[in-house]
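Scroll down for the structure; my scribbles are underneath it.
The values are calculated or read from the model by the stated rules, or taken from the named source; none is laboratory data. Every value quoted in this text rests on a predicted model; they were computed, and no experiment measured them. When we count neighbours, we look across all protein chains shown, and the Cβ atoms used for this are built from the backbone with ideal geometry, even at glycine. The protein model used for the area step is the full one, side chains on, heavy atoms only, and it has no ligands, DNA or RNA in it. Shrake-Rupley method; radii C 1.70, N 1.55, O 1.52, S 1.80 Å.
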Amino acid sequence: STCDKCAAGSYSAFAGATECLACPAGAVSAGEGGAASCLTCPPGTREIDRQRCQPCPPGSYGGGAGAPCLACAAGTIAATEGSPACTPCPSGHRAVLGTSCEA
């Protein structure tokens, strides 16, 4: 008899398991499978198919752990990908496309 690796996006937490469990929303097990646990996606990322964490694009932010990437609110920006939060533009400036501030 042979033991099959758990597929990417699933895990088996203990020896002698008879089935693999899907990673919970916001968590991933990547690579070629065989994971003993899942890793929670960090802030500034979103989970893709329980197999990888993808950075949120500029102009958006993400809370990680299964939260989707959300557009920055008016007057705030996230200039780079993978931002965990948007920051307000300084006084005398306005946000442009959620990615930069201009006077």
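Annotations for the structure displayed:
- Most tightly packed first, judged by the mean number of other beta-carbon atoms within 10 Å of their residues, the peptides 57-63, 13-19, 46-52 read 57-63, 46-52, 13-19.
- Segment 5-103 - Rg over Rh from alpha carbon coordinates, Kirkwood radius: 1.22
- Applying a 4.7 Å Cβ-Cβ cutoff to the chain, the cysteines left without a disulfide-compatible partner are Cys3.
- Fraction of accessible area attributable to carbon and sulfur, the chain (%, probe 1.4 Å): 56 percent
- Segment 1-77 - percent relative contact order, Cα under 8 Å, separation 6 or more: 25 percent
- Residues in the chain average 61 Å² of solvent-accessible surface per residue, probe 1.4 Å, ligands and nucleic acids excluded.
- Residue order by solvent-accessible surface for Cys41, Cys69 is Cys69, Cys41, largest first, with ligands and nucleic acids left out and a 1.4 Å probe.
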